[in-house]
1. For I55, are the conditions met, namely being farther than 20 Å from H71 by Cα and either in contact (Cβ under 8 Å) with a residue 24 or more places away in the chain or surrounded by 10 or more Cβ atoms within 10 Å (Cβ to Cβ) (or both)?
2. Please verify whether F16 is among the aromatic types (F, W, Y), within 16 Å of the chain's Cα centre (by Cα) and on the phi < 0 side of the Ramachandran plot, treating the condition exactly as stated.
3. Looking only at the stretch 30-48, which residues are in a helix (DSSP H, G or I) and loosely packed, with under 10 Cβ neighbours inside 10 Å?
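Quick note: the coordinates plus some simple rules give every number you see, no bench work behind them. None of the values given here were measured: they were computed from a predicted structure. Every residue, glycine among them, receives a Cβ derived from its backbone with ideal geometry; neighbour counts consider all protein chains shown.
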Amino acid sequence: MDWQLLLRQLAGTVIFSLLGLAVCVVFFIVLVHVCPFSIRKEIEQDQNTSLGLIIGAAIIGIAIIISAAMHG
């Protein structure tokens, strides 16, 4: 087994994983700033479960798009 190839692939995997996580975090921050209401207040204090589900679905959708873009 070629260890250099294995280390290069591992480094690529780590870099793309961190890049994907960074894009997801940026998406969430933009989502929080774009919403006309406080997401934290709606979910924590008002117990708005449907908002939590919608935000979770949006994050999963973005993660699928990022995964497909990185995979090719």
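1. Judged against the criteria, I55 is a match.
2. yes
3. H33, V34, R40, Q45
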